């Protein structure tokens, strides 16, 4: 037998060609665009590894051209010699617009049928879709077609119309195949793109990454769906195409029993070792609302933006959510009769869900194709760094410059800023210095004006400059200025700088702010009431403002930094024996904040401190009071100098037990 296949390089097409080569004899002519010859050559090597091109014959053409753009001489030479003409080339994507659907689904089918007629093919096999049933409610039989069903999208409409073209325009005997939602190969998991249930895999993956598998979830039930693996579709088409007496019929290549979408998602969640939906809210509850209520609510900009943000975070197109559930169930009795005795049947999803998941995670996960390097995040971008003359700020500036970023170094001391700039320029980097007192609101205003006048774009801001005071409240009764000066730099100065740059970032629709906060905000260590309060105020301000500006493309990261060995902690001599992280390690946390832009970067101990205080605040008070006694005020806090001051074994033991906390 001799075959002609359109869409042979597509997902279903390539598996159908494999079946034809494995089960049948004769040549398989495949339509290929001139620009896709290389792709076809790769497939031919897969189809015929020993002798590519022995049976598979490329035919150059184009789906959008009359007669598929095939050379008339080729048509004349093969007229009457093609026994089976398979038309699979089409758009199988609900997110594609009306013009493209019309061009490829309807126009392509019209051109394919004309070519089949010109070739006087023995049979035309048209691949339609269950989407042709539109929003028909009830059992849609295989002998049904034009039932007055509504067709809500260009995809549904052109699937219906292209089948109609095949039925009415074909002058040769025809057969129609209506696959359900086609997923990967049941044995290998192979899939060519993210589509159908795969759109929900990222949400399942994220749930798995943050929650234990045993945590029960509550989620929506989006109605009934129907899923079949590609190898079933290809095998069924090959078998039915060669059975006698079936012309003029349509065949549903679907699972005889549709399944609820929640069951399908849970099957994939089990395959991913992720939490499952223990309670699913039935779509019929929302359907019972007065007609149009949900659509009217979704037209409200605020609700629409929230929905779209959530869907975008998971990579789910809104069009997919709206049409996940089928309103029809699909009769498969004609298909089952045609396949009787062949051993071809739809395998249960649970038998191959793990293979589909594994293939997606290894090959199709969108995150695999994103450049997540630090260099990609900062290369060519201008980054303001306060406190850049030493410690964390200087280390971060050097890392940013080495990655191709342009740091704007801000601090009071010009001499140390010049040293940092010279170090950056020595390895070929670029940096600019700005001397400013960030405790002076007027100086901040001048700083902002100068930076914006000298740089067309400021992409990121790292608020690293800060002041720490370790002194008990008992020693602070006559030192109220400690609280004032700490708030002036850590809180007022920081938000003054942010507010100076916010209009610029909002106007550009892009910007990221990193606030270096403290683990102390999470653990509330004694003797840091001035410092922790100033950082807690910054945290609270950031949580409020981030919700106001996120819609303008401006985002925030708060780093609850553990104890770092910098000049700021030098006056407290017991810290000399405490475990700390280095400025370089702290700078890595800043760089990670610029790279991945999370809401927060925390340590496990800091998170534990927050949880412990939420669950048992009185017990935490007692533990911290014990620490208050173990770690007394330093000589510096008392206004004294004690060169012999050092940590006791008890203090060192407790500091190592709670590594990173400021005691």
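Readers should treat all values here as calculations from the given coordinates under stated rules, not as data from a laboratory. Model, not experiment: these values are computed from the prediction. Don't worry about glycine lacking a Cβ; one is built from the backbone with ideal geometry, like all the others, and counts go over all protein chains shown.
Overview of results
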read-out	value
Flag for residue 172 being touching a strand residue (DSSP E or B) at 6+ places or on another chain (Cβ under 8 Å) and under 25 Å from residue 257 (Cβ atoms)	no
Residue list for region 243-269, restricted to those being out of contact with any strand residue (DSSP E or B) (no Cβ under 8 Å at 6 or more places or on another chain) and under 25 Å from residue 170 (Cα atoms)	243, 244, 245
Check on residue 523, in contact with a helix residue (DSSP H, G or I) (Cβ under 6 Å, 6 or more places away or on another chain), crowded, with 18+ Cβ neighbours inside 10 Å and over 19 Å from residue 411 (Cβ atoms)	yes
Segments classed as helices (runs of 4 or more DSSP H), wholly inside region 7-115, with at least 2 members that are within 25 Å of residue 167 (Cα to Cα)	11-23, 72-78, 98-101
Any hit, region 244-252, residues being more than 21 Å from the chain's Cα centre (by Cα), over 24 Å from residue 84 (Cα atoms) and surrounded by fewer than 20 Cβ atoms within 10 Å (Cβ to Cβ)	no
Inter-residue pairs, beta-carbon under 6 Å, first surrounded by fewer than 20 Cβ atoms within 10 Å (Cβ to Cβ) and in region 434-459, second part of a loop (DSSP other than H, G, I, E, B), 6+ apart	437/412; 443/436; 443/437
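Each row is one residue, and each column tells you yes or no for (1) free of Cβ contacts under 8 Å to residues at least 60 places away in the same chain; (2) in contact with a strand residue (DSSP E or B) (Cβ under 8 Å, 6 or more places away or on another chain); (3) part of a helix (DSSP H, G or I).
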{"site": "342", "(1), (2), (3)": "no, no, no"}
{"site": "400", "(1), (2), (3)": "no, yes, yes"}
{"site": "404", "(1), (2), (3)": "yes, no, no"}
{"site": "409", "(1), (2), (3)": "yes, yes, no"}
{"site": "415", "(1), (2), (3)": "yes, no, yes"}
{"site": "418", "(1), (2), (3)": "yes, yes, yes"}
